[in-house]
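Participant: Have a look at the structure that comes next, please.
The values are calculated or read from the model by the stated rules, or taken from the named source; none is laboratory data. As the structure is a computational prediction, the values presented were derived from the model and not from experiment. Because the Cβ atoms are built from the backbone with ideal geometry, glycine has one as well, and the counts that use them run over all protein chains shown.
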Amino acid sequence: MDNPNFIFFHWKKEQKVLEKNLGILKQHSDTNAVHDLRVAIKKLRAILKLYILIKQEPEWQYLLKNTELLFAVLGKQRDVEICLGLVTTYEKETNCRYAELKLYLQSLLKKTQYWSKRALHQYRKKELTKTAFLLQLDEELQEKEQVIQKILLILHSHLADIKKYFRQPHKVRQHLKEIYYWINIIPDDPRLQAYHKKELHIILDDFGNWQDQEILLTIMKHFRKDYLPRSFPEYDSMKTLENIVKEKKESLLKTTIPKTRRLLKKISAAQKKQVISVVDIEFNPESSPTDII
């Protein structure tokens, strides 16, 4: 990548992924396209947030307003699709059938697919083009090394914040996801080895699995308590399944949080060995690398 404005380069890359999957979904519903489109939006959101932190312009968050609305609607469909997949997996593991639950999820899927179709056809991508233009014209982003230095400082500060949220796993996951996307934006740089990208990816997968279990558990409880008659045989088997899912969720969290703490300590140790010199940059992060232990 010869263009020093690597932030603009990655924005255009993810914008193309979004537009490709948007075209697919306007033709027909596709599980993979929904997933890929939402991942592209997550990456665009992370790029914009990084740009806001670099420029220190918090009011620019509105730039993805309509895209965030599309993301939220598609998320409803994605949640149901994940739940259907998990229920099928648990049927095999428990040798039980959850027919009423699956019928309920299938009815939800039809409804959420309709919402997605409507949102997709209403969506206009002008804000993506406007933001791309903003990134392209920003002369500061042409100063590659200075931009990388600022990002490294932002990463230090962001990592330091994570220790505040260990009782809020969703926020830990959100922070780690942003960090993962940000380190993938930076062109190959030996300083990035401190972040143990492969290990971070594994932890994010574990957090993602934990969140999927939580969504399934919430939907199952709502269906059983509010809709499923107690006289149905499936009522008791669903209570048993809820306990299985709850144990799975808790087990994931018990292993993932300690792994995250260990990773943060490794990153901190690696950062202490690095000498980060910030030249002619007026940028003052609140936290230092040693704060994340």
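So that you can scan it fast, the table gives a plain yes or no per residue for (1) at pLDDT 95 or above; (2) of a type in the set (Lys, Arg):
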position: 82; (1), (2): yes, no
position: 98; (1), (2): yes, no
position: 109; (1), (2): yes, no
position: 117; (1), (2): yes, yes
position: 146; (1), (2): no, no
position: 165; (1), (2): no, no
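Participant: Which members of segment 107-130 meet the condition of being crowded, with 16+ Cβ neighbours inside 10 Å and among the small types (Gly, Ala, Ser)?
Facilitator: 116, 119
Participant: Kindly indicate which of 200, 204, 217 is touching a Phe, Trp or Tyr at 6+ places or on another chain (Cβ under 8 Å), closer than 21 Å to residue 248 by Cβ, surrounded by 15 or more Cβ atoms within 10 Å (Cβ to Cβ) and modelled with pLDDT of 95 or more. Break it down into steps so the answer makes sense when it comes.
Facilitator: Details: 200 fails: closer than 21 Å to residue 248 by Cβ; 217 fails: touching a Phe, Trp or Tyr at 6+ places or on another chain (Cβ under 8 Å).
Residue meeting the stated conditions: 204.
Participant: Whether any residue in segment 225-235 is in a helix (DSSP H, G or I), basic (Lys, Arg) and within 18 Å of residue 88 (Cα to Cα) is what I want to check.
Facilitator: Restricting attention to segment 225-235, the residues satisfying the condition of being in a helix (DSSP H, G or I) are 225-226, 234-235.
Filter once more, keeping what is basic (Lys, Arg): 225.
Then drop every residue that is not within 18 Å of residue 88 (Cα to Cα), which leaves none.
No - not one qualifying residue is present in segment 225-235.
Participant: Could I ask something else about it? Could you check how many residues of segment 163-188 are surrounded by 20 or more Cβ atoms within 10 Å (Cβ to Cβ), touching a residue at least 40 places away in the same chain (Cβ under 8 Å) and closer than 15 Å to residue 261 by Cβ?
Facilitator: 2
Participant: Next up: Against the condition basic (Lys, Arg), modelled with pLDDT of 95 or more and not in a loop (DSSP other than H, G, I, E, B), how does residue 265 come out, does it pass?
Facilitator: No; evaluated as a whole, the condition is false for this residue.
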